[in-house]
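The values are calculated or read from the model by the stated rules, or taken from the named source; none is laboratory data. Not measured: the values here are computed from a predicted model. Cβ: placed from backbone, ideal geometry, glycine included. Neighbour counts: every protein chain shown. Just the protein is used for accessible areas: all its heavy atoms, side chains included, with ligands, DNA and RNA removed. Shrake-Rupley method; radii C 1.70, N 1.55, O 1.52, S 1.80 Å.
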Amino acid sequence: MTTDTLPARSEAASDAAVAAVAARARELLPDTGVISDHAQLRTYECDGLAHYRVTPALVVMPETAEQVAALVRACAENDLPFVARGAGTGLSGGALPHKDGVLIVTSRMRTIREVRPEDQRAVVEPGVINLAVTKAATPHGYYYAPDPSSQQICSIGGNVAENSGGAHCLKYGFTTNHVLGAEFVTPQGDLVELGGAAPDTPGYDLLGAVVGSEGTLGIVTSTTVRLVRLPEEVRTVLVGFESTDQAGAATSAIIAAGIVPAAIEMMDALAIEAAEAAVQCNYPAGAGAVLVIELDGAAVEVGQEYDAVERLCAENGAFEQRLATDPTDRALIWKGRKSAFAAVGRISPDYIVQDGVIPRTALSEVLKAIADLSGDTGVRVANVFHAGDGNLHPLVLFNDAVEGEGEAAEKVSGAILDLCIEHGGSITGEHGVGIDKAKYMPRMYNDDDLDTMQLVRCAFDPSNISNPGKVFPTPRLCGEVPGRHKGVHPLQEAGVAEVF
Ligand SMILES: Cc1cc2nc3c(=O)[nH]c(=O)nc-3n(C[C@H](O)[C@H](O)[C@H](O)COP(=O)(O)OP(=O)(O)OC[C@H]3O[C@@H](n4cnc5c(N)ncnc54)[C@H](O)[C@@H]3O)c2cc1C
């Protein structure tokens with residue numbers, strides 16, 4: 001798939017542009033911060049979605065915001081595309097390199113510049129690992145709430161670019177609710193400030209546009225994040241049900257009762273089987289579904305909410321409810337859930353991690369439709385997801401060594417996204433569009449919608465050098481008049497873009 005709008009140029013011209021940026025990088029960075037050896041470049045050829053692989057022309061590892069700005073400026077002067085990369089755990093191919101471009105890796109920008117408990121803020125560089133923010137804030141009585149399951153390895157820069165979520169985002173909101181300001185390098189190489197310490201700033205919400213923009217608007221070089229007070233009490237309960245229907249009904253009943261747990265996570269029988277095989281989490285035997293429900297807050301409030309949750313689960317068919325007795329027990333309950341993606345490797349050689357979101361009220365219907373789809377096609381699907389906010393993660397199982405299984409799994413995976421759209425949801429809940437889901441965007445948006453969205457990209461990046469080819473299936477050239485093109489688009493004619 002090619003979705004590039006960069007002007008085609010000869011290999012020699014491209015090599016010369018890369019050489020010019022590499023020379024600038026060598027002036028700015030230590031030797032170890034510039035990688036141009038082909039074997040070493042291959043280390044960076046993919047993110048967490050390993051079936052897309054592209055070797056970049058150059059990798060650079062800046063240590064300061066000023067270096068990022070200077071490197072991006074060099075790219076702009078040489079018309080060279082660049083892609084930001086944090087920890088490379090993304091699951092939509094967002095950090096997939098450009099073959100003629102520069103990969104700007106933030107892993108050497110790992111300073112937590114400030115922790116300010118007095119106004120519940122921390123200022124962190126983009127390569128800082130998510131969990132490190134909580135570790136730095138905990139001695140002050142605070143933590144960083146957005147907690148992707150990858151939080152031990154993913155970076156804050158990647159979280160901001162993907163607007164990442166996690167188990168505790170049900171109560172506390174996604175990354176966007178925790179980002180107050182950012183230092184940001186524009187695709188022209190200017191270092192600017194977006195947002196700030198004050199709760200609101202006048203004018204357009206440019207920070208809001210950057211959060212979730214998947215690296216297509218520029219590079220974040222530091223973020224001011226909101227810290228949340230550590231709760232007085234936490235209770236985690238593991239609840240076993242015979243079916244996902246019952247577990248879904250219990251989830252709806254809890255929310256309808258006005259209780260917003262910190263997390264409600266669901267796993268179905270296949271996901272439980274995988275987790276048991278991998279980490280022996282001792283989930284209720286014979287369960288068709290489990291819920292992991294976590295309540296946090298003031299002790300009195302948590303006590304009252306727990307009583308209500310216990311009653312509502314029982315009313316909806318729970319046959320076992322196990323309250324974590326101590327932090328070790330709690331960690332074991334969470335271990336089953338957090339290891340579920342990788343655990344699926346125990347029951348299937350290959351799998352697709354799908355990510356879609358639906359209104360919570362459609363959970364039972366969509367889960368049933370996924371089961372029917374699986375029954376009809378013979379493709380097994382394990383479900384593990386953030387039930388509280390309707391964010392599904394169906395794991396579509398297949399064996400690539402068996403002819404046709406990969407294609408069948410892809411089809412089921414796409415059909416699940418169609419189900420999400422039909423039920424008023426979206427093609428991604430938290431993993432982003434990247435390269436992988438660009439082809440699904442027209443299933444949600446018409447041409448006018450997509451054109452209008454790209455006007456925003458053009459305003460930031462008229463040369464389309466910041467992570468080109470991601471998010472949008474059919475790139476529009478900045479400067480061209482929006483609207484449908486009759487017949488063949490000039491880009492198609494030139495062989496540099498496809499319409500899906
Ligand atoms: C096992 C596993 C579990 C996961 N669980 C979750 C989960 O629960 N919730 C969730 O939301 N995600 C989850 N993810 C997906 C992934 O971890 C997140 O998307 C994460 O935010 C990516 O961070 P990263 O540092 O690895 O970013 P990368 O993969 O390096 O990059 C992701 C995107 O961000 C852009 N980017 C990176 N840094 C910057 C920057 N400084 N400025 C601008 N753009 C930048 C890249 O260009 C790319 O488009 C999971 C992944 C794995 C492997």
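In order along segment 135-147, the Karplus-derived 3J(HN,Hα) couplings, from 6.51 cos²θ - 1.76 cosθ + 1.60 at θ = phi - 60°, round to 4, 6, 8, 4, x, 9, x, 10, 8, 9, 6, x, 10 Hz, and Gly and Pro are given as x.
Averaging the Cα positions of each part gives two centres, and for segment 109-125 and segment 17-93 these lie 26 Å apart. Applying a 4.7 Å Cβ-Cβ cutoff to the chain leaves C46, C75, C154, C169, C281, C313, C420 as cysteine residues with no disulfide-compatible partner. The Cα center of segment 297-348 and the Cα center of segment 251-280 differ in position by 7 Å. Note that the chain presents 41 Å² accessible area per residue, ligands and nucleic acids not counted, probe 1.4 Å. Normalised by 2.2 N^0.38 Å, where N counts its residues, the alpha-carbon radius of gyration of segment 134-265 equals 1.25. Using only Cα atoms, find the angle between the long axis of helix 244-256 and the longest principal axis of the chain, and express it within 0 to 90 degrees, rounded to the nearest 10. Compared with the principal axis, the helix lies near 90 degrees. Reported to the nearest whole Å, the Cα centre-to-centre distance from segment 184-209 to segment 397-446 is 33. Listed peptides 339-352, 38-51 appear in the order 339-352, 38-51 once ranked by packing, highest mean of other Cβ atoms within 10 Å at the front. Counting only protein heavy atoms and a probe of 1.4 Å, the accessible surface of segment 65-137 is 46% carbon and sulfur.
Across segment 13-156, the convex hull enclosing all Cα atoms gives 114 Å³ per residue. Listed cross-link partners K99/K335; K99/K135; K99/K439; K171/K439; K171/K338 are compared with a 29 Å cut-off, the Cα-Cα value being larger for K99/K335; K99/K135; K171/K439. Angle of helix 299-315 to the longest C-alpha principal axis of the chain, folded into 0 to 90 degrees and rounded to 10: 70°.
Ordering of 164-170, 91-97 by packing is 91-97, 164-170, highest average first (other Cβ atoms within 10 Å, averaged per residue). Listed by chain and number, the aspartates and glutamates placed with their C-alpha closer than 14 angstrom to that of K470 are D4, D47, E162, E214, D436, D461, E498; residues fewer than eight positions away on the same chain are left out.
Local charge for F184 was computed over the other residues whose Cβ lies under 11 Å away, with Lys and Arg +1 and Asp and Glu -1, and equals -3.
Near R443: Cβ cut-off under 11 Å, other residues only, Lys/Arg at +1 and Asp/Glu at -1. The net charge is 0.
Among residues other than A298 whose Cβ falls under 11 Å from its Cβ, what is the net charge (Lys/Arg +1, Asp/Glu -1)?
Working: positive: R229; negative: E232, E233, D296, E301, E305.
Charge balance in the 11 Å sphere: -4.
Mind ordering 320-330, 291-301, 72-82 by average Cβ neighbours within 10 Å, highest first? If you can, show how the numbers build up before the last one.
Working: 320-330: 13.5, 291-301: 20.3, 72-82: 22.1.
Result, highest mean Cβ count within 10 Å first: 72-82, 291-301, 320-330.
Shown for segment 166-319: the carbon plus sulfur share of the solvent-accessible area, taken with all protein chains present and a 1.4 angstrom probe, equals 51%. Relative to the 2.2 N^0.38 Å rule of thumb, segment 203-345 has a C-alpha radius of gyration ratio of 1.25.
Measuring nothing but alpha carbons in segment 302-409 and taking Rh as the Kirkwood radius, the Rg to Rh ratio lands at 1.04.
Give the average over all directions of the projected area of the C-alpha convex hull of the chain, one decimal, in nm². Display every interim value, and only then the final one.
Working: hull surface 96.6 nm².
Value for the chain: 24.1 nm².
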